[in-house]
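Have a look at the structure below, then the notes.
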Amino acid sequence: MSHVAQRRGKYGFIAGFLFAPLALYLTFVIWPYVQTFGYSFTNWSGQSPTFDFVGTDNYAALLKDEVFRGALWHNLLLLVFVPLVTILLALFFAFMVNAGGRGGAGGVQGVGGSRFYKVVYFFPQVLSLAILSVLFGAIYRSDEGGLLNGFLTRMGVIDAAHPVEWLNEPDLVLWCLLLVVVWHGVGFYLVLFSAAMQSVPKDIYEAALLDGAGRAQTFFKVTLPLLWDSVQTSAVYLGIAAMDMFVLVSTMTSGQFGGGPDHHSEVMSTVLMRNFLYFGKSGYACAMGVVMLALTMILSVITLRATRRERIEF
């Protein structure tokens, strides 16, 4: 009996510790999702306490909304290029600062000054997105005072009388935002991949070196397979970031909550916030939020399954 009572006391003690965080999670995370899903079937304006049930009318309207469909396409483009470019650059730099050096008594080692490079590459990560928007706003300024236009003018690439309006060019604005996201994220994933690479025995790299493998062969045949779990996780996180983009788009581009010029930098989150706060279509905005949630979950599962490989033990 004492043994049974002891087990019950242990389980009660554990349940007591789990109850508070679980209750907070259900109240402040799960319940807002449930409310959003419910409001998406109404014509709620966001301010009135009364609203009517409209069924799936909001979701049907989404299919006909050209602005939302354009924003969805922009998110999908970012979903492809943000993880791809960020992970490739972070892997390359992580490889160079950890195993890119050759020769010497130490065998495989990073390039000269690798510790300094790690700090420099990580520096953008400590800046908030608001600061980044101000910084790159100065870089992309459309007059000669803009750093990028000033540099290209002095190089003779563009005419000072006709500077490039980077954030007002429909064909350039989305790629300018992509550059900001990549610049901000490479340092963090470089550190992540560097930590994973440091757990790989140096003997593996030295064996590849003795077999005559070059940097490219070592990277693709040794480094990438051993870091695949970290790459997979990074792809999911970067995919989630690409489905958001609200802060940069709303602060760096023209229009209410950004999206300019003429919706060419629009993403789903900016369309959602505009409908919620400006147009009084909160029920419609909730339907957009549900679609964003569903797409994010589906794409995360697809990414995890598509990149699944057998784990390599060492």
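The values are calculated or read from the model by the stated rules, or taken from the named source; none is laboratory data. Please read all numbers here as calculations on a predicted model, not as lab measurements. All Cβ positions, glycine included, derive from the backbone under ideal geometry; neighbour counts span all protein chains shown. Accessible surface areas use protein heavy atoms only, side chains included; no ligands, DNA or RNA. Shrake-Rupley method; radii C 1.70, N 1.55, O 1.52, S 1.80 Å.
A few points about this structure:
- Computed FRET value (nearest 0.05) for Arg305 with Asp229, which takes r as the C-beta separation and R₀ as 22 Å: 0.95
- Only helices reaching 20 angstrom along their own axis (Cα) with mean Kyte-Doolittle hydropathy no lower than 0.5 count here, and for the DSSP H runs of the chain these are 66-99, 173-197, 228-242, 282-306.
- Whether segment 143-222 is rounded, prolate or oblate, judged on the alpha carbon gyration tensor where a/c under 1.5 counts as rounded: prolate
- Restricting the calculation to Cα atoms, segment 57-100 yields a radius of gyration followed by a Dmax of 18.0, 57 Å.
- Only Lys, Arg (+1) and Asp, Glu (-1) charged, at Cβ; segment 31-179 dipole about Cα centre in debye: 900
- Three principal axis extents of segment 221-314 based on alpha-carbon atoms, in descending order, are 57, 27, 16 Å.
- Distance between segment 180-235 and segment 241-314 - C-alpha centres, whole angstrom: 30
- Taking packing as the residue-averaged number of other Cβ atoms within 10 angstrom, the listed peptides 166-172, 23-29, 298-304 run from highest to lowest as 166-172, 298-304, 23-29.
- Put simply, the amide H of Thr42, placed in the peptide plane, has neighbours under 5 Å in Val54, leaving out anything fewer than 5 places away on its chain.
- Pairwise FRET efficiency - Thr56 versus Thr27, Cβ, R0 = 35 Å, nearest 0.05: 0.80
- Positive-end residue, the chain charge dipole about Cα centroid, Cβ charges, pick of Leu135, Pro163, Ala207: Ala207
- Taking only the Cα atoms of the chain, the radius of gyration and Dmax are 24.9, 90 Å.
- What a 1.4 Å probe finds exposed on segment 142-273 is 61% carbon and sulfur by accessible area, rounded to a whole percent.
- By the helix-only formula, in which each DSSP H run with n ≥ 4 contributes -39500 (n - 2.57) and the sum is divided by residues, the chain has a 222 nm mean residue ellipticity of -20500 deg cm²/dmol.
- Net lengthening on full extension, Phe19/Asp262 (0.36 nm per residue, minus Cα-Cα): 82.5 nm
- Fully extended contour minus Cα-Cα distance, from Ala161 to Leu179, at 0.36 nm per residue: 3.9 nm
- Kirkwood hydrodynamic radius (C-alpha pairs) into Stokes-Einstein, segment 79-211, 20 °C and 1.002 mPa s, D in µm²/s: 125
- The residues of segment 110-256 have, on average, 53 Å² of accessible surface per residue, using a 1.4 Å probe with all protein chains present.
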